[in-house]
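What follows is one structure encoded as structure tokens, with my remarks underneath.
Just so you know, all these numbers are worked out from the coordinates, no wet-lab data involved. Bear in mind that the values here come from a model prediction, so they are computed numbers and not experimental data. Don't worry about glycine lacking a Cβ; one is built from the backbone with ideal geometry, like all the others, and counts go over all protein chains shown.
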Amino acid sequence: MNRVALQPDDTGSQYHDFTLDVRLRRPQIRLGRALSTPSFLIDIDGVLYGGSAPVAKGPGVLTYLRGRGFPFLLVTNTSRMSASDIQEKLAGLGYQVDADEILPVSLAAVEYLTQKFDAARCFLIGDDSLARLLEEHGHTVSRKEESADAVVIGQSLWADFGEIDIARRLALQGAEVIALHRDAIWPDGDVTRIGLGPIVAAIESVIDDAVTVIGKPQRAFFDAALSRAGFARADTIMIGDSIASDIDGAINADLRSLLVRTGNSATESVPKGCDGALDSIADLPHWCDGEFPD
Ligand SMILES: [Mg+2]
């Protein structure tokens, strides 16, 4: 093992003065063609942390990217927290990021509703943080069976079939059913919980129209992330732990991608079209040093 000192950055982060273990081997992953300066879309859950613990040496990776001048945007299907909630959680885990460096699917959903309805009357299946976010952006939220423009489905800890029953009737009356994502599962520390996928499937089985899905792996979500961050598609690498959401979505959006083995797809093989796998985000500096030497 070599120990290589990373350059301090100018963010004032307490993490900028540290050393990183670097293995004496060339990275085995090679991009098909050279990128000039890479930019990164980075998933959060299962990549930067799992449950309530940060991935080992994760915080230093963002410091490294800043030091190299490699821009990044954190993109997440987490629907239970706003960007500032996520920022606070990340700060508690040692990650120093600004709220505008985070694009949560909840914000993308709110913007979709604004674009489509201006002020939407929403029947919400999801928790109170999503209700607050919708209301902050001028939409109204109801938990009761009353006329609605949209049925919005976000994560709540326990799904309720009574809500699905109401959602079906509202959809048949013309409300658009909008799911923040349809991930089948999500890692919550040592527990794997069901995601929105089973709830979306239940609703889909009893309505006529398709459900509008906002988050990864939808190409529109990656497009929104690129446009928000000002990244060029050809120079952008998506890093995620879920093959279904992050990697397949990135491939479909014509982005480069790296799978990390710290979350949803820890043991599955690397799909065709993905640029490779890292044991953890902590290996990213070493990988970048090989791919993008000074
Ligand atoms: Mg994830």
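About the Cα centre of the chain, how large is the charge dipole given +1 on each Lys and Arg Cβ and -1 on each Asp and Glu Cβ? Please answer in debye to the nearest 20.
Roughly 820 debye for the chain.
With a 10 Å radius around each residue's Cβ, average the other Cβ atoms per peptide and rank 54-62, 201-209, highest first.
So the order, starting with the most tightly packed, is 54-62, 201-209.
Which of Thr262, Thr212, Thr78 moves most in a GNM of the chain, Cα contacts under 10 Å?
Thr212
Net charge near Pro217, counting Lys/Arg +1 and Asp/Glu -1 over other residues with Cβ under 14 Å of its Cβ?
Result for the local shell: -4.
If I build a Gaussian network model for the chain, linking alpha-carbon pairs within less than 10 angstrom, which residue out of Leu157, Leu48, Leu124 has the largest mean-square fluctuation?
Of the options given, Leu157 has the highest mean-square fluctuation.
State the dimensionless ratio Rg/Rh of the stretch 41-150 (Rg: radius of gyration of Cα atoms; Rh: Kirkwood radius).
Rg divided by Rh gives 1.06.
Straight-line reach from Lys272: which lysines fall under 23 Å, measuring Cα to Cα and dropping same-chain residues less than 8 apart?
Excluding near neighbours in sequence, the set is Lys216.
Only Cα pairs under 8 Å and at least 6 apart count here; give the relative contact order of the stretch 137-294 as a rounded whole percent.
Here the relative contact order equals 14 percent.
Return the equivalent ellipsoid semi-axes of the stretch 118-213 as a descending list in whole Å, where each equals the square root of 5 times an eigenvalue of the C-alpha gyration tensor.
Over the Cα atoms of the stretch 118-213, the semi-axes work out to 21, 17, 11 Å.
From Cα pairs below 8 angstrom and at least 6 apart in sequence, can you work out the relative contact order of the stretch 118-213, rounded to a whole percent?
Contact order relative to length: 25 percent.
With each run of n ≥ 4 DSSP H residues scored as -39500 (n - 2.57), what mean residue ellipticity at 222 nm is computed for the chain after dividing by its residue count and rounding to the nearest 500 deg cm²/dmol?
-8500 deg cm²/dmol
Take every Cα pair under 8 Å in the chain that's 6+ residues apart, average their separations, divide by the length, and report that relative contact order as a whole percent.
20
Using a Cα-Cα cut-off of under 19 Å, which lysines could be cross-linked to Lys57, ignoring same-chain neighbours fewer than 8 residues away?
Partners found: Lys89.
Sum up the charges of everything whose Cβ sits under 14 Å from the Cβ of Ala99, counting Lys and Arg as +1 and Asp and Glu as -1, but leave Ala99 out.
In short, -4.
As a footprinting exposure proxy, order Trp158, Trp287 by other Cβ within 10 Å, with the fewest listed first.
Trp158, Trp287
For the chain, what's the radius of gyration and Dmax over Cα atoms, in angstrom?
Cα-based Rg and Dmax for the chain come out at 19.7, 65 Å.
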